[in-house]
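Just so it is clear, none of the values below were taken in a lab; they were calculated from the coordinates. Here the structure is a predicted model, which is why all the values come from computation and not from measurement. Neighbour counts are summed over all protein chains in view; Cβ atoms, including those assigned to glycine, are modelled from backbone coordinates with ideal geometry.
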Amino acid sequence: MNRKLILFDIDGTLVWTRGAGREATRHAMIEVFGTCAALDTHHFGGKTDWQTLVELLHAHGMTDADIQRRMPDYNIVMGQHVERVIGNYPVTACPGALDLVNELRQRDDVVLGLVTGNVANAAPHKIAAAGFDPAHFVIGAYGNEAMLRDHLPALAVKRAEHYAGHSFAPRDVWVIGDTAADVSCARAIGAVVVGVKTGFGGAPEEVAAAQPDYLLNDLTEFWNVIRF
């Protein structure tokens, strides 16, 4: 039996947080870096939290090394602020996401994980607020672990192989996401990629233009299109 490793993005794929992430980021940046810079106009789509900090803080004289050194503190603080503010926002699961995750977790040929731009301490609070059990995603790779999203899937696969006790061929790794960056990171390891058009702003057009292996309007269509 070839087990599949299914790696989900969070924002715009599993969850709509409707502003909670930006608000938590504001407080976390001010606490750790002393400024939230031009956060109000920043486009998050497809970026790691680390990349977001680099893009926003270079203009304030902070170097890549400065930001990297403070990432462990930022991971802790961002998790605390997401937990604190998220109940003030109408967070929901994206269409079909809860049902799909629940169906996949019942299969013995599937390992579920996350590949997300969120820092590790923020991710479980976001998905829990939308009704997911974070424990169902047994491994993950996060936005405090690499600046570039393309570097995260290989880390997730390594952790999944340690968890499962066997290797995963690229064709057995599936990345599901809502941005062109999700497509790119899947291609970086030769994984199968499923694009969903539930992202923000121009993400639906961008993910379609990136030509994922499968393109869905939302996750309610998953089993209509995909079989394994």
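Going by the structure shown, is D99 under 22 Å from S184 (Cα atoms), touching a residue at least 12 places away in the same chain (Cβ under 8 Å) and part of a helix (DSSP H, G or I)? No. Of the residues screened, D64 is not one that is out of contact with any Pro (no Cβ under 7 Å at 6 or more places or on another chain), of a type in the set (D, E, K, R), surrounded by fewer than 16 Cβ atoms within 10 Å (Cβ to Cβ) and within 16 Å of I10 (Cβ to Cβ).
Of all residues in the range 123-161, those being over 20 Å from T17 (Cα atoms), part of a helix (DSSP H, G or I) and either touching a residue at least 12 places away in the same chain (Cβ under 8 Å) or of a type in the set (K, R) (or both) number 12.
If the condition is being of a type in the set (D, E) and farther than 19 Å from L114 by Cβ, then the range 173-228 contributes E205, E206, D213, E221. Contact map, the range 203-228: residues that are surrounded by fewer than 18 Cβ atoms within 10 Å (Cβ to Cβ) paired with residues that are in a helix (DSSP H, G or I), Cβ distance under 6 Å, separation 6+ or inter-chain. Pairs shown: Y214/V225. Please enumerate the residues belonging to the range 37-50 that are surrounded by fewer than 19 Cβ atoms within 10 Å (Cβ to Cβ), of a type outside the set (A, V, I, L, M) and assigned to a loop (DSSP other than H, G, I, E, B). The answer is H42, H43. Determine if the range 85-98 includes at least one residue that is among the polar types (S, T, N, Q), out of contact with any Phe, Trp or Tyr (no Cβ under 6 Å at 6 or more places or on another chain) and closer than 15 Å to W16 by Cβ. Yes, some residue in the range 85-98 is among the polar types (S, T, N, Q), out of contact with any Phe, Trp or Tyr (no Cβ under 6 Å at 6 or more places or on another chain) and closer than 15 Å to W16 by Cβ.
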